[in-house]
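Undergrad: Take this structure, written in structure tokens, and hold onto it; I'll ask about it next.
The values are calculated or read from the model by the stated rules, or taken from the named source; none is laboratory data. Just so it is clear, the structure is predicted and the values come from calculations on it, not from any experiment. Cβ placement follows ideal geometry from the backbone for every residue including glycine, while neighbour counts extend to all protein chains displayed. In case anyone asks, the SASA skips ligands and DNA or RNA and just uses the protein heavy atoms, side chains included. Shrake-Rupley method; radii C 1.70, N 1.55, O 1.52, S 1.80 Å.
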Amino acid sequence: MSSDLVISCMVCGKQDNLKQCAQCKLVHFCGQEHQRSHWPSHKAVCKKVAKLRKRLEEKQKIGRESWAEMTGGLSLQFTGSRRDGVQYKEQLQLAEQELEIDTLVAIESALNHVVDLRNVPFQPLSDDVLEMATSCLIRLGRDQEAYNYLKHWVSRYKDHDVLESPDIFEGRAPSAAFLASVFLVKLRLFTAAEAARHCYTQGGDCSNPLIVATLKKCGLDYVVNEGPELGDQLNNTIRMLQDQMEELYLQVKQLQPDFWSKLPTVHENREPRHDNSGMETQPVLHCYRAFAATRGSFEFVQSFTTDPA
Ligand SMILES: [Zn+2]
Ligand SMILES: [Zn+2]
């Protein structure tokens, strides 16, 4: 369903006996030869990440010390540091640079920064941050968490069910990219359900660990235990998801008519930050990355474009 995200040599893809880039610690190599050959294309972003990280660590140290001063002996009870807007901006920049590196380790690290950003008081989370978190979670295969994140944005209701009607987002979504992310989570679930149905209709074994793992990842593991009812349940789920995706597709289009046609080209045209059409490029870039990590997603969107519901 999603492209394989594993720790491997940046040049040859080898997966064992790897050495980490000592500076950014986000990329791996099988040895010095491939580290050297990759350096020209890695150099700029590697240095940027190292510099931003150092600066952030210094700021955090100062923050901790001033927090200790303010609170006297109590400071030992706090592991965190005092937060402010400057640190927020730097941490966000670091996360964005790490995503330029785009390895499994880099995505995990960027996600940690984004989650950490939620602890900064009086800083409203921007669309950037929301899309970044959602995109990272989807690419790490944590679809249910991605959905929870999106849902939490518009509603304080506790239960987060990926299969629920997308009506909940109508009129509340902060951007087209937001709704497209909801669409993508449903598409990934749809793909997993289709794979399970294929297995079922072929008389195959639905306890196939690969299928079970995919369904579990999408919060659909209940179908695995349903036995003979599996076929009907799955068919209903698939049909429902299809309807929901059609609805979301149209909602996205309503919010931003050129969103879907532009999505596949965002990656190439992401400078400057806002392109001529006024499209917010950064949130869309994060959204793009999650689509790109989902095999067949652009083609699927294309099928909606050519044959509107
Ligand atoms: Zn190699
Ligand atoms: Zn590096």
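Undergrad: Filter LYS51/LYS151; LYS19/LYS48; LYS48/LYS262; LYS25/LYS54 down to the pairs with a C-alpha to C-alpha distance above 24 Å, please.
TA: LYS51/LYS151; LYS48/LYS262
Undergrad: Between ARG36 and LEU163, with labels modelled 7 Å along Cα→Cβ, what's the label distance in nm to one decimal, could you check?
TA: 5.7 nm
Undergrad: Also, quick follow-up: Give me the 1.4 Å probe accessible area per residue for segment 1-53, excluding ligands and nucleic acids, in Å².
TA: 63 Å²
Undergrad: Between ARG295 and VAL6, with labels modelled 7 Å along Cα→Cβ, what's the label distance in nm to one decimal, could you check?
TA: Roughly 1.3 nm, to one decimal.
Undergrad: With contacts defined as alpha carbon pairs under 8 Å and 6 or more residues apart, what's the relative contact order of segment 136-199 in percent?
TA: About 33 percent, as a whole number.
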